[in-house]
Amino acid sequence: MKKILIILNYYYPYVSGLSEYARVLAEEFVKKGDEVTVLASNHGKLAAKEVINGVKVVRTPIICKISKGTVSPSFLWKAVWLAKDKDVVNMHLPMMESGIISLGIDPKKLITTYHCDVNLPKTPLNRLILKCIDLSNNICLKRSRYIAVQTKDYAGQSRIAYPYKKKYVEAATPIKDYNRINVNRNDGKKVIGFCGRLVEEKGIGVLLRAYEILCRTEKDLVLKIAGDYKEVAGANVYADLKKYIKIHKLQNVVFMGKLKEEEMEGFYSSLDVFVLPSINSLEAFGMVQVEAMYCGAPVVATDLYGVRTIVQRTGMGVVVKKNDAEDLAKGILKVLHNKEKYWKPKEEILKYYGTAHCVSAYERAMDKMIG
């Protein structure tokens, strides 16, 4: 049995690609008999300590938020204190506090998961914040024994992670085990879907522009947008999207809100094509692509490092130019008109992606660390 500490800013019930990566990983380790503690900031009115699916969750109070980051002074000393009796410490970056925390942890037991580079709107304050984050992350990566990355494609061009290639452990994100289910589809409409936080970097504005282009020539289209638009870390674009829809008189655009876990298979199974239109390096993998593929939905994804590799490896979809509504529309149309060409059974996707692949990569690295 290993004693593992996982450190990140946001944890369940907050849902993002990063937080879900950490949650699934933590719960898989528990299933294998490990003792897992998660340290996160108390980003909502949540319990300071609780056990979620066998994972001990500790949350520290925050005094304020800066952009997407939380400011929690006790987070620093709590991380160092909790790490003392652990066999392995897994930090999830980017994280403003990572450099300082790493200085108080034995490098021999530190495996850091580097998710993505941070990009912020260009203002004098944001440039200062970005320099601080990058410096802190660099310190942490330099001290880490191993660095888990979702794809070497992304990490190799990262402005922060690229110097540390010798430490890479490629561990594609854990994926929830969704399956295609029968969904009533008697309306004859072609359904385009998106799932994620309603923030600028997800490129939902580009998706709406592409949808407008498609509606000029295609009939019976529906656009389903699933994702939280109430409690979101980062600039919420929901109001702007609604305004765009009203001005351009777009029909059949459905905002589904944050879906429950038991609703996800039905959502993905109802789609003719899933779209991931992200526009910058905050999207480094896009686990929703694989979830959609599990449920039989081909994918159109933007040509971002890391993100593009899923479609390229599986052949289950099309890669298009980032931030280009016309090219996105062409890609969606290509899949809608040739769906059978891009469909692959779940067994094919499991050859490349899945929770077992991810957990095994971590276990091999951890065994070396404590062996």
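The values are calculated or read from the model by the stated rules, or taken from the named source; none is laboratory data. Predicted, not measured: the structure shown is a model, and the values here were computed from it. Ideal geometry is used to build each Cβ from the backbone, glycine not excepted, and the neighbour counts take in all protein chains shown.
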Seminar exercise, completed: Of (1) crowded, with 18+ Cβ neighbours inside 10 Å; (2) closer than 26 Å to residue 331 by Cα, residue 183 fails just (1)
Exercise. Out of (1) at pLDDT below 95; (2) buried (at least 19 other Cβ atoms within 10 Å of the Cβ); (3) out of contact with any His (no Cβ under 8 Å at 6 or more places or on another chain), what's the single condition that is false for residue 193?
Worked result: (1)
Seminar exercise, completed: Of the candidates 70, 60, the one satisfying the condition of being among the hydroxyl-bearing types (Ser, Thr, Tyr), over 26 Å from residue 360 (Cα atoms) and in contact with a helix residue (DSSP H, G or I) (Cβ under 6 Å, 6 or more places away or on another chain) is 60
Seminar exercise, completed: Contact list, first residue from the stretch 71-91 and of a type outside the set (Lys, Arg), second anywhere and in a helix (DSSP H, G or I) and surrounded by fewer than 18 Cβ atoms within 10 Å (Cβ to Cβ), beta-carbon distance below 8 Å, six or more apart or interchain, is 76/100; 87/369; 87/370; 88/369; 88/370
Exercise. In the stretch 178-221, what residues are under 19 Å from residue 338 (Cβ atoms) and of a type in the set (Val, Ile, Thr)?
Worked result: 191, 192, 213, 217
Exercise. Just one of 172, 210, 148 is in a helix (DSSP H, G or I) and either without any contact (Cβ under 8 Å) to a residue 24 or more places away in the chain or surrounded by 19 or more Cβ atoms within 10 Å (Cβ to Cβ) (or both); which is it?
Worked result: 210
For this session: Restricting attention to the stretch 50-79, report how many residues are surrounded by 17 or more Cβ atoms within 10 Å (Cβ to Cβ) and of a type outside the set (Gly, Ala, Ser).
Result: 11
Exercise. Residue 357 is checked against (1) out of contact with any Leu (no Cβ under 6 Å at 6 or more places or on another chain); (2) surrounded by 14 or more Cβ atoms within 10 Å (Cβ to Cβ); (3) at pLDDT 95 or above; (4) assigned to a helix (DSSP H, G or I) and fails just one. What number does that condition carry?
Worked result: (3)
Exercise. Given the residues 105, 111, which is the only one that is touching a strand residue (DSSP E or B) at 6+ places or on another chain (Cβ under 7 Å), part of a loop (DSSP other than H, G, I, E, B) and modelled with pLDDT of 95 or more?
Worked result: 105
For this session: State whether the residues of the stretch 328-335 include one that is out of contact with any Pro (no Cβ under 7 Å at 6 or more places or on another chain), in contact (Cβ under 8 Å) with a residue 40 or more places away in the chain and either under 18 Å from residue 16 (Cα atoms) or of a type outside the set (Val, Ile, Thr) (or both).
Result: yes
Exercise. How about the stretch 1-91: which strands (runs of 3 or more DSSP E) wholly inside it have at least 1 residues that are farther than 25 Å from residue 230 by Cβ and in contact with a Ser or Thr (Cβ under 9 Å, 6 or more places away or on another chain)?
Worked result: 3-7, 35-42, 55-61
Problem set entry | Qualifying positions in the stretch 287-314 - closer than 18 Å to residue 272 by Cα, of a type in the set (Ser, Thr, Tyr) and assigned to a helix (DSSP H, G or I) | 294, 314
For this session: Examine the stretch 65-72 for a residue that is at pLDDT 95 or above and assigned by TED's automatic domain parsing to the domain that holds residue 129, and state whether such a residue exists.
Result: no
Exercise. Which of the residues spanning the stretch 153-169 are under 16 Å from residue 365 (Cα atoms) and surrounded by fewer than 16 Cβ atoms within 10 Å (Cβ to Cβ)?
Worked result: 165, 166
